[in-house]
1. Go through 158, 179 for me and flag whichever is free of Cβ contacts under 8 Å to residues at least 12 places away in the same chain, over 29 Å from residue 300 (Cα atoms) and either assigned to a loop (DSSP other than H, G, I, E, B) or outside the structural domain of residue 231 (by TED's automatic domain parsing) (or both).
2. Going through region 174-198 one residue at a time, which ones are of a type in the set (Phe, Trp, Tyr) and either within 16 Å of the ligand (Cβ to nearest atom) or touching a Leu at 6+ places or on another chain (Cβ under 6 Å) (or both)?
3. Restricting the search to region 291-310, which residues are over 16 Å from residue 259 (Cα atoms) and either within 16 Å of the ligand (Cβ to nearest atom) or surrounded by fewer than 24 Cβ atoms within 10 Å (Cβ to Cβ) (or both)?
4. I'm checking my understanding of the structure. Among residues of region 244-258 that are β-branched (Val, Ile, Thr) and within 17 Å of the chain's Cα centre (by Cα), which one is farthest from the ligand (Cβ to nearest atom)?
5. Among all residue pairs at least 6 apart or on different chains, which show Cβ distances below 7 Å where the first residue, located in region 188-214, is in the same structural domain as residue 226 (by TED's automatic domain parsing) and the second is within 15 Å of the ligand (Cβ to nearest atom) and part of a helix (DSSP H, G or I)?
6. If only one of 293, 327, 304, 289 is in the same structural domain as residue 209 (by TED's automatic domain parsing), within 18 Å of the chain's Cα centre (by Cα) and within 19 Å of residue 198 (Cα to Cα), which one is it?
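The values are calculated or read from the model by the stated rules, or taken from the named source; none is laboratory data. The model shown is predicted, which means the values in this text are computed figures rather than measured ones. In this analysis, Cβ positions are derived from the backbone assuming ideal geometry, glycine residues included, and neighbour counts consider all displayed protein chains.
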Amino acid sequence: MTGTGVTMRLIGWAIALAAAGLTPAAAQTPASAPNQTSSQASAPSVNVTPPAGTPQNPGQPDVAQTSAIVVGSVGHALPTPHIGQPDGREGLQTQVTPIGQEAASFHNYWLLPLCAIISIVVLVLLIIALIRFRRGANPVPSRNSHNTAIEVIWTLVPVLILVGIAIPSIRLLRDVYSPPPADLTVKVTGHQWYWSYELPDYGVSFDSYMLKEKNDPTRQASQRPRTNADGPPLLAVDNRLVLPAGKVVKFIVTADDVIHSFAMPSFWIKQDANPGQLHETWAYIERPGVYFGQCSELCGARHGFMPIVIEATTPARFAQWVAEKGGHMPGAAPPAPGSTTISPVSNPSPAATAAAQPPPAAAVYAASLASAPTNKNVANRATQAQ
Ligand SMILES: [Cu+2]
């Protein structure tokens, strides 16, 4: 018995040591991620000079690896505090889609109070029963076995409560699963352990990796470290998905290895990404901003290190980002092979950098709030589409 216990303990230690050896180092090296080269090539890295003749990411613009990031430029907008990221508050994140607002209202102002009221009522009834009908106060027990009025009440009240929950709940489900016509489509693919995005109508596709901390021993010299301008630790990525605000975006979600989950808390999106299957979800992002999410399905050793960052911006800045990614607007001719795109990120000349300086993020944000379409716009469009 003792010998078996020692053997099992040794096996346990061996497994733990093997896992420790694999997880931080081997499993986190980009060698396990076949498309890291393309990610690095399209990511604006700092102080990296690839050796002469090194093939850059074919099919993507040849982005200068030595270029510095213009903080606030498209694809690098500054996150807004308390929006689109966890900030220590209890409860749900601020919702920036009509579906999210509907769901959050349902949760905050209907489900949660109802749960609280039911709990309190049941607790009070229990306390009354314990005190009033205790043995000491009732030496001769009651022989009642029926009370028609009470039986009708305790049947009807739960039925009414369930109907009261079901009506707004089914209405929410209907709204989630009857999206308005999409303005653009994004294919999202989960990989171990990064995301890739494809905008087929715009000729844009790229990979998105988490930015590691400066002092992270697993970070390679070619990998740009995270800064506060990128976002919170473990949530910032090298390549954000940039989308236009005020448009209906359809996400086609899949995976190429194991099950992942595409989750954006501030959009009310959590969609499993299954290999071999396409799932659809959608968002109407009401205002520009930087929104953070994570893979929400346990998908392996680095499950916690595949964040999602969506930057919603104005249509003009979205078009600029598409051009920087080597894409084209729908209907426009794709760029000629080998042509270089001028962009604030890929062209680090001082004049271009100065010209690319964006308006202050706060001003863009304030302007977007003033002109943000309301929930009704989407609802009307959905109604018209039916
Ligand atoms: Cu995952």
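1. None of the other options fit; the residue is 158.
2. 193, 194, 195, 197
3. 292, 293, 309
4. Selected residue: 248.
5. Note: pairs meeting the criteria are 193/303; 193/305; 210/305.
6. 293
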